[in-house]
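Notes follow once the structure below has been shown.
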Amino acid sequence: MSVRKLTVLIFGLLIQAAAYGASHQGHNMHDHSMMGGDANQAMGSGVLHQVDADKKMVNLTHQPIPTLNWPEMTMDLPVTKRVDLTRFKAGDQVHFTLKKGRDNHFRIISMEPHQ
């Protein structure tokens, strides 16, 4: 194989690898520990889709959270024991505060119905 053909092949593989990485970048969006922003705490608002009081977990669609560079998205978020999930149900609009733990994962530390 000539040097030119080898160079074209390597260049093509590099472009494919870059395209693959860009197309799969959003798959980590549910791992909020990897998302940008230097803030350790932020406020957000959204709509609850599921509330699991036993597992201390909610699924919600939140508005963009500029402090964390998070776009609008639907995601599962754990809540701390301070949050009383028995007050909430699917379809509720809420305001919440997120805080990053030592494990670099965000958790909801407070949540209130949207008034």
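The values are calculated or read from the model by the stated rules, or taken from the named source; none is laboratory data. All values derive from a computational prediction rather than experimental measurement. Please note: Cβ atoms are built from the backbone with ideal geometry, for glycine as well, and neighbour counts cover all protein chains shown. Each accessible area value is taken on the protein alone, full model and side chains, heavy atoms only, with ligands, DNA and RNA left out. Shrake-Rupley method; radii C 1.70, N 1.55, O 1.52, S 1.80 Å.
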Assuming residue 68 fulfils every condition listed in (1) touching a Leu at 6+ places or on another chain (Cβ under 9 Å); (2) within 14 Å of residue 111 (Cα to Cα) apart from one, which condition is it?
-> (2)
For the stretch 49-66 the number of residues that are of a type in the set (A, V, I, L, M, F, W, C) and over 15 Å from the mean Cα position of the chain (by Cα) is 2
Residue by residue through the stretch 56-70, note down the ones that are outside any loop (DSSP other than H, G, I, E, B) and open to solvent by 70 Å² or more (accessible area, probe 1.4 Å).
-> 66, 67
Given (1) part of a loop (DSSP other than H, G, I, E, B); (2) modelled with pLDDT of 95 or more, index of the condition residue 36 fails | (2)
Residue in the stretch 71-94 that is nearest to the chain's Cα centre (by Cα), counting only those that are open to solvent by 80 Å² or more (accessible area, probe 1.4 Å) and closer than 11 Å to residue 111 by Cα = 93
